[in-house]
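The values are calculated or read from the model by the stated rules, or taken from the named source; none is laboratory data. Everything numeric in this text was worked out from a predicted model, so none of it was measured. Quick reminder, even Gly has a Cβ in these numbers, built from the backbone with ideal geometry, and neighbours come from all protein chains shown.
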4 protein chains.
Amino acid sequence: MTAIRGVGRGDNRAVTAEQATRELLVELLRDFHRRAWVSGTGGGICGPADDGGLLLAPTGVHKELVGVDDFFTVDPADGSVIATPPNTALRPSECNSIFCLTARERAARSVVHSHALSAVLAGDLAGDDDHVAIRDLEMLKGIRGLGNRDVHLVPVIRNTPREPELVGEIQRMLDDPRFAGAFAIVVADHGAYIWGDDVMEAKRHAEVYHFLFEATVARNDRKKEGHR
Amino acid sequence: MTAIRGVGRGDNRAVTAEQATRELLVELLRDFHRRAWVSGTGGGICGPADDGGLLLAPTGVHKELVGVDDFFTVDPADGSVIATPPNTALRPSECNSIFCLTARERAARSVVHSHALSAVLAGDLAGDDDHVAIRDLEMLKGIRGLGNRDVHLVPVIRNTPREPELVGEIQRMLDDPRFAGAFAIVVADHGAYIWGDDVMEAKRHAEVYHFLFEATVARNDRKKEGHR
Amino acid sequence: MTAIRGVGRGDNRAVTAEQATRELLVELLRDFHRRAWVSGTGGGICGPADDGGLLLAPTGVHKELVGVDDFFTVDPADGSVIATPPNTALRPSECNSIFCLTARERAARSVVHSHALSAVLAGDLAGDDDHVAIRDLEMLKGIRGLGNRDVHLVPVIRNTPREPELVGEIQRMLDDPRFAGAFAIVVADHGAYIWGDDVMEAKRHAEVYHFLFEATVARNDRKKEGHR
Amino acid sequence: MTAIRGVGRGDNRAVTAEQATRELLVELLRDFHRRAWVSGTGGGICGPADDGGLLLAPTGVHKELVGVDDFFTVDPADGSVIATPPNTALRPSECNSIFCLTARERAARSVVHSHALSAVLAGDLAGDDDHVAIRDLEMLKGIRGLGNRDVHLVPVIRNTPREPELVGEIQRMLDDPRFAGAFAIVVADHGAYIWGDDVMEAKRHAEVYHFLFEATVARNDRKKEGHR
């Protein structure tokens, strides 16, 4: 974890911010693959480019193998591609429109797209409802703005055949005042989008939300059997 | 993961394709061992040799310890051994006949044989039926040709005392039009064979099918208890 | 695990005890992060400084990224800061008052604060009671002073909005003769504090208590379903 | 995994067999710790010394930190210590008498003592009976002499306050013709002893038995709920 430590300790001054971000994104994708949050080429991440654009991982590739030069740069205003990677076989991630929407609506400079099983099982808990409620967990404090006494509502939307078709429902959830404090949207049967002001906040939020999903699923299993 | 990154980034031009494949197979076996898909010498993998043959891991050895020179080369037409490894104590994997059958019938150039617990538990779900149905998961898109609205049928066959005796049932499943879209066959009480056009597709399919098995087992547990 | 092996094998004589402790704490935080005991900046650790003080990890940072120079030194008598790290952006952990209390009451020179899911689920088992009972496990011997026939009571206290507010209840539990043999306090919905005479005992106790939590939760699940 | 690969590939001819065994034991202890089979100083391993003795790990130390020079050499005929490690603070493992008994009765040259949760939960399945039955799993073939149609009986004995007190019950199980094909004995509430003719067979048996324990526990959970 060379790059991530550099970011953590501020000793990467010799490289540009964007180069450090590229190295950090590559390390996080490897870490997320090890955790089974991105696997079989699924999932993804974006982070800030130097010029106000977003660095976007390519689609259809094994995410733990993405290299520092493999990112697209896109304009969050409309998702248009500003810069392409040297490897001309690569295409930008299908997450592009959702990442850009989140960047515009929430000023997110980094978004993680997870395919973790815990996110899928948390989405199942919503049933016919449009959210899952998370409560009674200290780890809620790991989400910016929350305390451990808050009941945190995470929106859950239906899946669509193609990822860009999720945009309308995601827009509706981002506009919904009940979810103003959420830094994540769960897509049922699919996974979750989790964001932050920068890559390190997106990483922290990703770790926290996955913990919250696992804990809520584990407790729900036990409650249904009368354990609590 | 030196070799796997070389394959992913195309910077292994100085070595032959077969040498890169051997290094990749060795790395994948170590990764699969870490995931508990191959353990206690069980499981295996094959990939393409330069001359149209299949590189086949040896039998009865700890799979995470297989070296680049330890593979047999076999003729997929009949499973006959074309080339043997320098270590004369090694014998070809019992998967040979099944790997060659899959290569002939599906043009698979790489097959993974997994002994994962999730494959065994997914096989249990078939009960007296000859397949397990997988649905409502975005990760279905990770299987070539599938969308997330498809109901994907994975054939499940009974286990036999010796691995080559599975060939007849596997042939029958490969001939069954219900399973024409499957890149995997589950063997009850045993594991799964998972294949692709090349090693990286076999890897992607292996990651995806193991996720699908885990998710389907986890959801079935909850459904039986009325959670969904 | 360079530092931890040095401590284990006594070959770090060229560095001061405190420097070796700093390296050990850094390695343990990385290990604990890999185990999901500290994640999303949660959790923490302290260990002995050379001058009788406690080395305290900073708050609000990704714990696997803490460097050897990032620790505060605090006086366990009152929690006052004796020495600050060069990075002036860092603030001392909110665990400070609890770590110091444990140091005073139990002569603990090292305390681990875990946010593990297993600790949360073990806390759930207490229900309205103020402890969870652990029994019938050889691993109880891993706690100083215990045999495998002992019924070990681990206190469980309610969570509070802020960590320093836990001090009163922790003091009450440390004073309670029923819990005189405990080296851990579970905070419901939150995690656990686990301590020892030195860093290596705190590490051993942390490994043992997490095992005891996991085993007790797993057995309780099965008992409730009539498996035992 | 330098040493383990050397053993696997036979390229350690420059070092003595015992030195290679010491390096292998050290690597396996680190691997077992990562798997949570030995933690909090619990568990252990022995392997063959050059002179017919057994190399025995020390007691009460973190097993992942054991170094190549930290082993005792004991005489399997009576457990007497033939050679001590340079570090005079170390004492021989409490497993000594059981390891030596297994060496005498089964000609085992390597024994693994696991504290894995899966072994504890498998022991729970025995209830008032003296064994757990394992069936319908291909991985049974990973145990020397077994086929996948065999019903394999693994003896389960009660735990005792101190490890050497297990010797009588272990002797009785080793003498019981029902368990003649077993390479493992489960100690309820405690873990398992698993052995082989050499270190690599003990490693293979350890991987296989832990898989069998996990699979049998997972299937029993589902059967009790009517899943199978």
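Applying the set (1) out of contact with any strand residue (DSSP E or B) (no Cβ under 8 Å at 6 or more places or on another chain); (2) of a type outside the set (Ser, Thr, Tyr); (3) in contact (Cβ under 8 Å) with a residue 40 or more places away in the chain to A:Pro161 leaves exactly one unmet item: (3).
The single condition from (1) closer than 16 Å to B:Val199 by Cβ; (2) more than 14 Å from every other protein chain (Cβ to nearest Cβ) that B:Ala77 fails is (1).
Is it the case that B:Ser118 is within 22 Å of B:Leu174 (Cβ to Cβ) and either within 11 Å of another protein chain (Cβ to nearest Cβ) or small (Gly, Ala, Ser) (or both)?
Working: within 22 Å of B:Leu174 (Cβ to Cβ): no; either within 11 Å of another protein chain (Cβ to nearest Cβ) or small (Gly, Ala, Ser) (or both): yes.
Answer is no for this residue.
Tallying residues that are under 22 Å from D:Pro164 (Cα atoms) and out of contact with any helix residue (DSSP H, G or I) (no Cβ under 8 Å at 6 or more places or on another chain) within region D:110-129 yields 1.
Please go through region A:58-88 and pick out each residue that is outside any loop (DSSP other than H, G, I, E, B) and farther than 15 Å from A:Val38 by Cβ.
The answer is A:Phe72, A:Thr73, A:Val74, A:Val81, A:Ile82, A:Ala83.
The set of residues in region D:150-161 that are β-branched (Val, Ile, Thr) and either surrounded by 21 or more Cβ atoms within 10 Å (Cβ to Cβ) or away from chain B (no Cβ under 14 Å) (or both) comprises D:Val154, D:Val156, D:Ile157, D:Thr160.
For C:Asp130, are the conditions met, namely being farther than 20 Å from C:Trp37 by Cα, out of contact with any Cys (no Cβ under 7 Å at 6 or more places or on another chain), touching a residue at least 12 places away in the same chain (Cβ under 8 Å) and among the acidic types (Asp, Glu)? Give the steps one after another, and end with the answer.
Working: farther than 20 Å from C:Trp37 by Cα: yes; out of contact with any Cys (no Cβ under 7 Å at 6 or more places or on another chain): yes; touching a residue at least 12 places away in the same chain (Cβ under 8 Å): yes; among the acidic types (Asp, Glu): yes.
Yes; evaluated as a whole, the condition is true for this residue.
Consider region B:131-149 and keep the residues that are assigned to a loop (DSSP other than H, G, I, E, B) and crowded, with 17+ Cβ neighbours inside 10 Å. The one that is farthest from the other protein chains (Cβ to nearest Cβ) is B:Leu146.
Look through region D:29-55, keep the residues that are over 17 Å from D:Gly191 (Cβ atoms) and in a strand (DSSP E or B), and return whichever of them is farthest from the other protein chains (Cβ to nearest Cβ).
So the first thing to find is which residues in region D:29-55 are over 17 Å from D:Gly191 (Cβ atoms), and the list is D:30, D:47-55.
Applying the additional criterion that residues be in a strand (DSSP E or B) yields D:47-48, D:54-55.
Numbers: D:Gly47: 16, D:Pro48: 18, D:Leu54: 22, D:Leu55: 17 Å.
Within region D:29-55, the match that is farthest from the other protein chains (Cβ to nearest Cβ) is D:Leu54.
Evaluate the following for B:Ser110: is it more than 30 Å from D:Arg219 (Cβ to Cβ), buried (at least 19 other Cβ atoms within 10 Å of the Cβ), of a type in the set (Gly, Ala, Ser) and in contact with a strand residue (DSSP E or B) (Cβ under 9 Å, 6 or more places away or on another chain)? Yes, satisfied.
Within 30 Å of A:Glu18 (Cα to Cα) and more than 7 Å from every other protein chain (Cβ to nearest Cβ) - does that describe any residue in region A:213-227? No: zero hits. Residues in region B:94-109 that are in a loop (DSSP other than H, G, I, E, B) and in contact with a helix residue (DSSP H, G or I) (Cβ under 9 Å, 6 or more places away or on another chain): 4 in all.
Is region D:94-102 home to any residue that is over 15 Å from D:Val187 (Cβ atoms) and touching a residue at least 24 places away in the same chain (Cβ under 8 Å)? Before the answer, list the steps.
Here is the first cut: in region D:94-102, the residues over 15 Å from D:Val187 (Cβ atoms) are D:96, D:100.
With the extra rule that they be touching a residue at least 24 places away in the same chain (Cβ under 8 Å), the set shrinks to D:96, D:100.
Yes: one or more hits.
Residues A:Gly127, A:Gly142: which one is of a type in the set (Gly, Ala, Ser) and at positive phi? Quick ask: steps written out before the conclusion?
Working: A:Gly142 fails: at positive phi.
Just a single option satisfies the conditions, and that option is A:Gly127.
Kindly indicate the residue of region A:191-211 that is closer than 14 Å to A:Val154 by Cβ and either within 14 Å of chain B (Cβ to nearest Cβ) or touching a helix residue (DSSP H, G or I) at 6+ places or on another chain (Cβ under 6 Å) (or both) and also surrounded by the most Cβ atoms within 10 Å (Cβ to Cβ) among those meeting that condition. Outline the logic, then answer.
Going residue by residue through region A:191-211, those that are closer than 14 Å to A:Val154 by Cβ are A:191-195, A:205-206, A:208-211.
Next, only the ones that are either within 14 Å of chain B (Cβ to nearest Cβ) or touching a helix residue (DSSP H, G or I) at 6+ places or on another chain (Cβ under 6 Å) (or both) stay: A:191-195, A:208, A:210-211.
Working: A:Gly191: 28, A:Ala192: 26, A:Tyr193: 25, A:Ile194: 31, A:Trp195: 25, A:Val208: 26, A:His210: 25, A:Phe211: 23.
Filtering region A:191-211 for residues that are closer than 14 Å to A:Val154 by Cβ and either within 14 Å of chain B (Cβ to nearest Cβ) or touching a helix residue (DSSP H, G or I) at 6+ places or on another chain (Cβ under 6 Å) (or both), the one surrounded by the most Cβ atoms within 10 Å (Cβ to Cβ) comes out as A:Ile194.
Within region A:64-83, the residues that satisfy the criterion of being surrounded by 15 or more Cβ atoms within 10 Å (Cβ to Cβ) and within 30 Å of B:Leu28 (Cα to Cα) are A:Glu64, A:Leu65, A:Val66, A:Gly67, A:Val68, A:Asp70, A:Phe71, A:Phe72. From the list B:Leu140, B:Leu117, B:Leu146, pick out the single residue that is at pLDDT 95 or above and within 29 Å of B:Thr59 (Cβ to Cβ). B:Leu117 is the lone residue from the list that is at pLDDT 95 or above and within 29 Å of B:Thr59 (Cβ to Cβ).
Kindly indicate whether any position in region A:162-179 is within 8 Å of another protein chain (Cβ to nearest Cβ), closer than 30 Å to A:Val26 by Cβ and either not charged (D, E, K, R) or not in a strand (DSSP E or B) (or both). No, that holds for no residue.
What number goes with the only condition from (1) surrounded by fewer than 22 Cβ atoms within 10 Å (Cβ to Cβ); (2) at pLDDT 95 or above; (3) of a type outside the set (Val, Ile, Thr) that D:Cys100 does not pass? Going through (1) surrounded by fewer than 22 Cβ atoms within 10 Å (Cβ to Cβ); (2) at pLDDT 95 or above; (3) of a type outside the set (Val, Ile, Thr) one by one, D:Cys100 breaks only (1).
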